[in-house]
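Quick notes on the structure that follows.
The values are calculated or read from the model by the stated rules, or taken from the named source; none is laboratory data. Keep in mind that this is a model prediction, so the values were computed, not measured. Surface areas here come from the heavy atoms of the whole protein model, side chains and all, with no ligands, DNA or RNA. Shrake-Rupley method; radii C 1.70, N 1.55, O 1.52, S 1.80 Å.
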Amino acid sequence: MKSKLIIIITIGIIIVVGYFFIFRSGAFFVADEDSVIVMKPSTAWFSETSRIYKNLLFHFSVVYPDNLEAKEYDDGTSASTITFEDLTRKQAFQIFIVPYVGNEVTPEQFKKDVPSGIRKEPVDVIIGGERATIFFSEDVIGNKTREVWFIKDGFLYEISTRAELDTWLAQILSTWRFDL
């Protein structure tokens, strides 16, 4: 009887500790009925000074840490780049948005945008209600990156950061919303 009680208490502790570390420590993912991963928002990193970036052209918003500086770049064509950077902490991510015809990223488009051709551990996720794919890659100088790509309303969104900032980026992207 005493050993059963110890087992029950141990299982209870594991469940509580697991809940704390998985659900309360940051962003997390949950599989839905279609085997797509849904990014659930976490407010663990938010502060009173967190900022909201709103893009009226593409109709989305995202909450980001107040230590980041957001900048928008227009390359003179119809593509846009938005960067969020804190160089002192070496934290940054960027959103590249380009017009795109089609519902899937072609191998040609992928090779054009990721010359390394590396796409490791792809997983389908939902961000802001849209189906996206997250994967690991490498930039042109061989640094490992975390990429999040999706297509919405005729635009390809490519979001990237350094691979070691994966969880940090997931927390931010869990706040992504469309239709401002």
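What the table shows:
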item: Long pairs among Lys54/Lys90; Lys54/Lys144; Lys90/Lys152; Lys112/Lys144, criterion Cα-Cα beyond 20 Å; result: Lys54/Lys90; Lys54/Lys144; Lys90/Lys152
item: The stretch 103-154 - percent of accessible surface contributed by carbon and sulfur, probe 1.4 Å; result: 49 percent
item: The stretch 55-141: relative contact order in percent, alpha carbon pairs under 8 Å with at least 6 residues between; result: 16 percent
